[in-house]
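The values are calculated or read from the model by the stated rules, or taken from the named source; none is laboratory data. Quick caveat: nothing in here was measured; it's all calculated off a predicted structure. Methodologically, a virtual Cβ is constructed for each residue, glycine included, from the backbone with ideal geometry; neighbour enumeration extends over all protein chains shown.
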Amino acid sequence: MEKILVGLKRVVDYNVRVRVRSDGSGVETDGVKMSINPFDEIALEEALRIKERGDAAEVIVVSIGNSDARQQLRTGLAMGADRAILVETDEETDPLSSARVLLEIVNREHPGLVLLGKQAIDNDNNQTGQMLAALWGRPQATFASELVLDGNLAKVTREIDVGLESIEVDLPAVVTTDLRLNEPRYVKLPDIMKAKKKPLEQIPLAELNIEASARISEIAFALPEQRQKGIMVDDVAGLVAALQDKGLL
Amino acid sequence: MTRILLVAEHDGTTINPSTAKCVTCASELPDAEIHVAVLAEDGASLASEVAGLTSVDKVIQVDNPANSYPVAAILAPQIVAIADGYSHVFGPSTTFGKDLMPRVAALLGVNQISDIMSVLGSHCFRRPIYAGNAIVTVEAPAGQPVVATVRTASYASAADGGSASIEAVSVDADLPGHTRFIELRSGKSDRPDLQTAAKVVSGGRALGSAENFDLIYKLADALGAGVGASRAAVDAGYVPNEMQVGQTGKIIAPKLYIAIGISGAIQHLTGIKDAGTIVAINKDGEAPIFEIADIGLVGDLFKIVPELEAAISS
Ligand SMILES: Cc1cc2nc3c(=O)[nH]c(=O)nc-3n(C[C@H](O)[C@H](O)[C@H](O)COP(=O)(O)OP(=O)(O)OC[C@H]3O[C@@H](n4cnc5c(N)ncnc54)[C@H](O)[C@@H]3O)c2cc1C
Ligand SMILES: Nc1ncnc2c1ncn2[C@@H]1O[C@H](COP(=O)(O)O)[C@@H](O)[C@H]1O
C-alpha cells in the first residue's frame, strides 16, 4: 500500500500519578510530563515495521491538539515517520469530533491502513478508532496483538476477554493496538536532529469544516475512594487466622 | 420516560454475566423501561434466559445467520435499525461492548459515555479516567440518544425471577461483508471465571516461568478461586492474555483477591479497586501493593505459597 496513517495523541505520561485540582475543576496538567499515548507509540512502531518490510511506502503521523503536540509529532518523526500533520485546536476535541477530523484526513490522504491506539490513557474513552471506522464505512479490528498483511487483506489477532480472536478484514481498515502488538523502538539522538527537517503541516481545525457534535460535559472531578493500608501478618498461620476472621476461609 | 435498549452479550449458547450487571445499572435510571436486544443466529433460548432477569421489560430477539459470531461492523447497523424511539442504548464495558458500542454511537451521530460506574440521573453519570485515578461526573446532551458502556465491576447482577415478553424482530439493514471471523482460541478451564469468581489468586513476574505458575493454580484450586495475572506475567508468556488483570486487562471485584509476587503498579491496582479484601504476598516490604492491601505478608512466595496451600487444604 502507499500510505499508513497513525494517530498520535499527546497525553500525560503514564508514569505520572495525576492529581485532581482541589476545587474539583479538573486534573492538574500544568508542569506535568507529557508523552505520546503509549498505545499510539505501538501503532507507530507497527506502521514503521510494515514500511520496513516493504509493504507500505509512507507513514504519516497525525495529531489533533494545540501547538504543544508538535513535540509528540517530532518524536514520531524521529522514530521514523515520514511526515506529520497537526490539526490545531486549543480546545480538546471529543471522540466523535476526533473521528470526524481523522476521516477528513483520510479523505485527503487515502491511506490503505489507519493505525490508532485502543485507548487514550487520559480519558480512557476507547472510542475514536471504532467511530472512524463507522463513519468511513470500513472494517475495524480493535485490540490487535498481531497484524499480518496479505495483499488487500489484513489478518488481525485481537485480545478479547475469552482469549485470542482472529479476524480477516478487507483494506482499507482501521486497526487499534493493544500492548502486546510490539515493543516500540527507542529514539536515537541523530534521528531527532534529522526529524527537524521532515515536513510538519499545521492545519487549523476551523479550516476543516467538521460537523459540530454535542459534547458530553464534564461537570466535576473527584478523587476515587482510597483504600486504606491494612494489617501486616508475620507468617502463614497469621494470614490464615486473619482470613478466617473475615469469614473468607 | 427513559427507554433503554441494552445489547446482550452471549457466546451463542449462554448469556454473559455482564448482561445482568448492565440491567442493574439500567434499572437505576429514573423511570426506566428496559428492553434487551439479543442478536444471535438462533436466539430463542438466549432470549428466554434474558427474559428471566428481574427489571427487564421486554426482550427483542433478532435472529440472523450473520449473527452467529459477534462482529461489531455487522451488529452495529442492526442495533441502529432497532434503536429508534429509545432514549438510551447501553452495552457492557467488556471487550465485546467496547468494540461494538462506539460504532453504534458514531452511526447514531453521538458521543459515548464509557464505563459508567454510577448513575446520578437519566443523563448524569460518574466514570473513571486516568486509569481510575480520577472520577469525573459527566452529563450527556439532551435531545439525542445516550450511548454508554457499563463498568460491570461496579454492579451486582440482576436477580432471576423476571418474566419479560419476547418479541422476534426482523431487521432490514445492509450488513457488510468486509469483516470475517476466522477463529477463537480460548484456554478452556474448569476454574471459576475470572470476571465473576468470588475469590481470585493472581501471580506476577516473580513467578519466573510458566511451570512455576503451577503454584498459583494449586493455591487457587485449594480455595476454589479463579486465576489472574499481572501484565508482566502475561508479557513473559507464563499465562495467556485473558488472565490479565488491570487497566488494559480485566476489571474485577471478587470478595477476596490474593496478589502474589505483584508489585502493585497503578495500572494493576485499577483492576482490583473494588475487591472486598486484598491480600498481598511479596518479598519486598516496600512494594506499593502493601499500601492498599488489607492483609500483607512479607516473604518469599516460593516458601509461603506451598505452606498456605497446605494449610488451606488440611
Ligand atoms: C498503558 C499501560 C497499561 C498497563 N496495563 C496493565 C494491566 O492491565 N495490568 C497489569 O498488571 N499491568 C499493566 N501495566 C504494567 C504495569 O505498569 C506493571 O509493569 C506491571 O503490573 C508489573 O507486573 P508485576 O507486578 O508482576 O511485576 P514487577 O513490577 O516486576 O513486580 C514483581 C514483584 O514481585 C516481587 N517478588 C520477586 N520475587 C519474589 C519472591 N520470590 N517472592 C515474593 N515476591 C517476589 C518483587 O518484590 C516485585 O514487587 C500497564 C502498563 C502500561 C504502560
Ligand atoms: N487528539 C488526538 N490526536 C490524535 N489521535 C487521537 C486523538 N484522540 C484520539 N486519537 C486516537 O484514537 C485512539 C483512541 O482514543 P480514545 O478514543 O480517546 O480513547 C488514540 O489512541 C489515538 O490513536
Candidates B:Gly261, B:Gly208 - the one that is more than 10 Å from every other protein chain (Cβ to nearest Cβ) and surrounded by fewer than 17 Cβ atoms within 10 Å (Cβ to Cβ): B:Gly208
Only one of A:Glu104, A:Glu146 is within 22 Å of B:Val71 (Cα to Cα) and of a type in the set (Asp, Glu), namely A:Glu146
Residue by residue through the stretch B:244-259, note down the ones that are more than 7 Å from ligand 1 (Cβ to nearest atom) and either within 15 Å of B:Ala232 (Cβ to Cβ) or touching a Pro at 6+ places or on another chain (Cβ under 6 Å) (or both). B:Ala259
Within the stretch B:274-285, does at least one residue satisfy the condition of being facing another protein chain (nearest Cβ under 10 Å), touching a residue at least 40 places away in the same chain (Cβ under 8 Å), of a type in the set (A, V, I, L, M, F, W, C) and over 19 Å from B:Thr94 (Cβ atoms)? no
How do the helices (runs of 4 or more DSSP H) wholly within the stretch B:225-314 filter down when requiring 1 or more residues that are away from ligand 2 (no atom under 16 Å from the Cβ), modelled with pLDDT under 95 and farther than 20 Å from A:Glu159 by Cβ: which remain? B:266-269, B:301-313
Would you say A:Glu168 is surrounded by fewer than 24 Cβ atoms within 10 Å (Cβ to Cβ) and more than 7 Å from chain B (Cβ to nearest Cβ)? no
Give me the residue from the stretch A:95-117 that is under 14 Å from the mean Cα position of the chain (by Cα) and at the interface with another protein chain (Cβ under 8 Å from one of its Cβ atoms) and, out of that set, farthest from ligand 2 (Cβ to nearest atom). A:Ala99
With the checklist (1) in a loop (DSSP other than H, G, I, E, B); (2) in contact with a strand residue (DSSP E or B) (Cβ under 7 Å, 6 or more places away or on another chain); (3) surrounded by 24 or more Cβ atoms within 10 Å (Cβ to Cβ) in hand, flag the one item A:Asp122 doesn't pass. (3)
Considering residues of the stretch A:213-242 that are in a helix (DSSP H, G or I) and more than 7 Å from chain B (Cβ to nearest Cβ) only, the residue farthest from A:Ser97 (Cα to Cα): A:Ala237
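For every residue, the table says whether it meets (1) surrounded by fewer than 22 Cβ atoms within 10 Å (Cβ to Cβ); (2) within 11 Å of chain B (Cβ to nearest Cβ).
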site: A:Ala134; (1), (2): no, yes
site: A:Gly151; (1), (2): yes, no
site: A:Arg158; (1), (2): no, yes
site: A:Gly163; (1), (2): yes, yes
In the stretch B:195-215, is there at least one residue being within 16 Å of ligand 2 (Cβ to nearest atom) and either assigned to a loop (DSSP other than H, G, I, E, B) or of a type in the set (S, T, N, Q) (or both)? no
Criterion first (in contact (Cβ under 8 Å) with a residue 24 or more places away in the chain, buried (at least 20 other Cβ atoms within 10 Å of the Cβ) and away from ligand 1 (no atom under 16 Å from the Cβ)) does A:Ala43 satisfy it? no
Reported set for the stretch B:303-314 where residues are farther than 17 Å from B:Ala229 by Cβ, more than 7 Å from every other protein chain (Cβ to nearest Cβ) and not basic (Lys, Arg) is B:Pro306, B:Glu309, B:Ala310, B:Ser313, B:Ser314
Considering each of B:Ser18, B:Ser55, B:Ser48 in turn, give the residue that is surrounded by fewer than 23 Cβ atoms within 10 Å (Cβ to Cβ), outside any loop (DSSP other than H, G, I, E, B) and polar (S, T, N, Q). B:Ser48
Pick from the stretch A:1-38 the residues that are away from ligand 1 (no atom under 16 Å from the Cβ) and of a type in the set (Lys, Arg): which of them is farthest from A:Glu91 (Cα to Cα)? A:Lys3
Mind checking which residues of the stretch A:46-66 are of a type outside the set (A, V, I, L, M), within 13 Å of ligand 2 (Cβ to nearest atom) and assigned to a helix (DSSP H, G or I)? A:Glu46
What number of residues within the stretch B:106-122 satisfy the criterion of being assigned to a loop (DSSP other than H, G, I, E, B), in contact with an Asp or Glu (Cβ under 9 Å, 6 or more places away or on another chain) and within 9 Å of another protein chain (Cβ to nearest Cβ)? 2
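Would you check which residues across the stretch B:153-172 are buried (at least 16 other Cβ atoms within 10 Å of the Cβ) and either closer than 24 Å to A:Gly163 by Cβ or of a type in the set (A, V, I, L, M, F, W, C) (or both) and list them?
Of everything in the stretch B:153-172, those that are buried (at least 16 other Cβ atoms within 10 Å of the Cβ) and either closer than 24 Å to A:Gly163 by Cβ or of a type in the set (A, V, I, L, M, F, W, C) (or both) turn out to be B:Ala153, B:Ser157, B:Ala158, B:Ala164, B:Ile166, B:Val171.
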